[in-house]
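The values are calculated or read from the model by the stated rules, or taken from the named source; none is laboratory data. The structure presented is a predicted model; accordingly, all values stated were derived computationally and were not measured. Here the Cβ positions follow ideal geometry from the backbone for every residue, glycine too, while neighbour counts run over all protein chains shown. Accessible surface is based on the protein model in full, side chains and every heavy atom, while ligands, DNA and RNA are left aside. Shrake-Rupley method; radii C 1.70, N 1.55, O 1.52, S 1.80 Å.
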Amino acid sequence: MDIQSCVEVCNEWDIVSARQLGRNMAKELGFGNVDQARITTAISELARNIYLYAGNGKICLEPVEQMGRKGLRIIAVDNGPGIRDIRKVMQDGYTTSGGLGAGLPGVKRLMDEFSIDSTLDSGTEILATKWLR
Ligand SMILES: Nc1ncnc2c1ncn2[C@@H]1O[C@H](COP(=O)(O)OP(=O)(O)OP(=O)(O)O)[C@@H](O)[C@H]1O
Ligand SMILES: [Mg+2]
């Protein structure tokens, strides 16, 4: 029923495209400016992680409906190295690249639902959903 739209992420311009797609879909679904900004920030962080750690992957966005609630789900998928210790990467300040280590914990805070599924040497799939209020 739901239509997924995806953006391949292989360079920094693709991060901008993913953000733009996210803003358009969020606006269309009826999210206000603040939630639009939360969603586009989450997309940026996930897309940037794909670009930095996996080299390439994709960001898919889909409208979702659950028990009469409407929302937008971000699906970030890559076939990169995977994440060894998911608990660790969810701690504020944990980074393997000299970044701020704020990306993933930030995405979790900005969105309503968040999950990571990752297999070493195989890849990572992160789901993050925001519900309309
Ligand atoms: N898609 C991914 N594939 C493999 N490892 C990842 C992926 N995304 C994140 N990681 C790992 O998780 C760590 C934490 O990610 P997070 O986005 O929270 O911080 P960061 O990217 O290091 O810094 P910041 O996002 O604040 O610039 C990264 O340093 C990296 O080791
Ligand atoms: Mg990051």
Criterion violated by THR95 - all others in (1) closer than 16 Å to SER5 by Cα; (2) not in a helix (DSSP H, G or I) satisfied: (1)
Among what's in the stretch 25-65 and is polar (S, T, N, Q) and under 18 Å from LEU110 (Cα atoms), pick the residue that is farthest from the chain's Cα centre (by Cα). ASN33
Complete set of residues in the stretch 51-72 that are open to solvent by less than 50 Å² (accessible area, probe 1.4 Å), closer than 12 Å to CYS6 by Cβ and touching an Asp or Glu at 6+ places or on another chain (Cβ under 7 Å): GLY57, GLU62
If you go through the stretch 74-119, how many residues are free of Cβ contacts under 8 Å to residues at least 60 places away in the same chain and touching a Lys or Arg at 6+ places or on another chain (Cβ under 6 Å)? 4
What number of residues in the stretch 46-97 are in contact with a Phe, Trp or Tyr (Cβ under 6 Å, 6 or more places away or on another chain) and closer than 30 Å to GLY30 by Cβ? 2
Of the residues in the stretch 120-131, those that are without any contact (Cβ under 8 Å) to a residue 60 or more places away in the chain and either touching a His at 6+ places or on another chain (Cβ under 8 Å) or of a type outside the set (A, V, I, L, M, F, W, C) (or both) number 3
I'd like the residue in the stretch 32-43 that is open to solvent by less than 30 Å² (accessible area, probe 1.4 Å) and touching a residue at least 60 places away in the same chain (Cβ under 8 Å) and, out of all such residues, is nearest to ARG84 (Cα to Cα). ALA42
Taking the options LEU46, LEU29, name whichever one is away from ligand 1 (no atom under 16 Å from the Cβ), within 18 Å of SER5 (Cβ to Cβ) and open to solvent by less than 50 Å² (accessible area, probe 1.4 Å). LEU29
Taking the residues in the stretch 79-133 that are open to solvent by 20 Å² or more (accessible area, probe 1.4 Å) and either of a type in the set (Val, Ile, Thr) or touching a Cys at 6+ places or on another chain (Cβ under 8 Å) (or both) as candidates, determine which candidate is farthest from ligand 1 (Cβ to nearest atom). THR119
